[in-house]
Amino acid sequence: MLNSAVSILLKRPRGTIPVSIILLTLIVGCGRGQGPPPARSVHNPALNVTVSDLPPEWDIQANSGDRLELRPAGEERTGLVTITVGPEEQGINLVAAIESHRAEIESMNGGRYSGAQELSGPLGAAFYSRGRYETDGGPVEDTRIYALHPTASRLLILDYTYPAADDSSVRVGELIELFALVE
């Protein structure tokens, strides 16, 4: 095959490029495509938390001190996920954390608590809790996931605030998907 390609090249008129060379270049070039982007991870040493395989739909907004913040990528969607941890303590009560979130939502301007639901994931039992309230910029929804920290006796909190909409199931799903990546 190589001999026939060389003989075609030697017999071609000067100043022309054989179609076979063009095709070969395209085939070889296409075979070395970009492929999927490499997996991103973000680690926060103060929180001792890693979000592994961060999807490209998320940008890292901040990662310093005891705060890790992620934003939806692109300009068409807004919102902020803040990952924090509570102090070291024994006997963490996830239900009490939910009740605290409920009281916080109900104390805000136009606050309406939407409820909570238990989750089961890589970190064990967890809960998500959701509510909405009014701001000068319009209605905001706040969805939180409360779980036990993966390496310490601390409360792990993923808090997602975003403009309220008629259907928040996509946003809740996004937060649950992020939670599944926390180590």
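Rule-based calculations on the coordinates, nothing more; no lab input. Being a predicted model, the structure only gives us computed values, none of them experimental. Cβ coordinates were reconstructed from backbone atoms using ideal geometry, including for glycine residues, and neighbour counts include every protein chain displayed.
Hey, can you grab everything whose amide H is under 5 Å from the amide H of Leu119? Only 5+ residues off in sequence or another chain; H modelled, so Pro and N-termini drop out.
For Leu119, whose amide H was placed from the backbone, the distant partners under 5 Å are Ala126, Phe127, Tyr128.
Using θ = phi - 60° and the Karplus curve 6.51 cos²θ - 1.76 cosθ + 1.60, what whole-Hz ³J(HN,Hα) does each residue of region 170-183 get, with Gly and Pro shown as x?
For region 170-183, the Karplus curve yields 5, 5, 4, x, 4, 5, 5, 5, 5, 4, 5, 9, 7, 10 Hz.
Name the residues whose placed amide hydrogens come within less than 5 Å of the amide hydrogen of Asp59, ignoring near sequence neighbours (fewer than 5 apart) on the same chain.
When sequence neighbours closer than 5 places are left aside, the close amide H contacts are Arg71, Ala73.
Would you please classify the overall shape of region 59-141 from the alpha carbon gyration tensor, given that a ≥ b ≥ c denote the square roots of the eigenvalues, rounded means a/c under 1.5, and beyond that prolate means a/b larger than b/c while oblate covers the rest?
oblate
Apply the Karplus parameterisation 6.51 cos²θ - 1.76 cosθ + 1.60, with θ equal to phi minus 60°, to every residue of region 124-134 and state each ³J(HN,Hα) to the nearest whole Hz, in sequence, with x for glycine and proline.
x, 5, 8, 9, 10, 9, 9, x, 9, 8, 9
Residue-wise, which Karplus ³J(HN,Hα) couplings in Hz belong to region 98-108, taking 6.51 cos²θ - 1.76 cosθ + 1.60, θ = phi - 60°, and x for glycine or proline?
Listing the rounded values in order: 5, 4, 5, 5, 4, 4, 4, 4, 5, 7, 8 Hz.
Classify region 40-179 as rounded, prolate or oblate, taking a ≥ b ≥ c as the square roots of the eigenvalues of its Cα gyration tensor: rounded when a/c is under 1.5, otherwise prolate if a/b is larger than b/c and oblate if not. Spell out each step's value before the answer.
On the way: a/c = 1.69, a/b = 1.12, b/c = 1.51.
Oblate shape, in that a/c is at least 1.5 and b/c is the bigger or equal ratio.
Which order results if His149, His101 are arranged by neighbouring Cβ count within 10 Å, fewest first?
His149, His101
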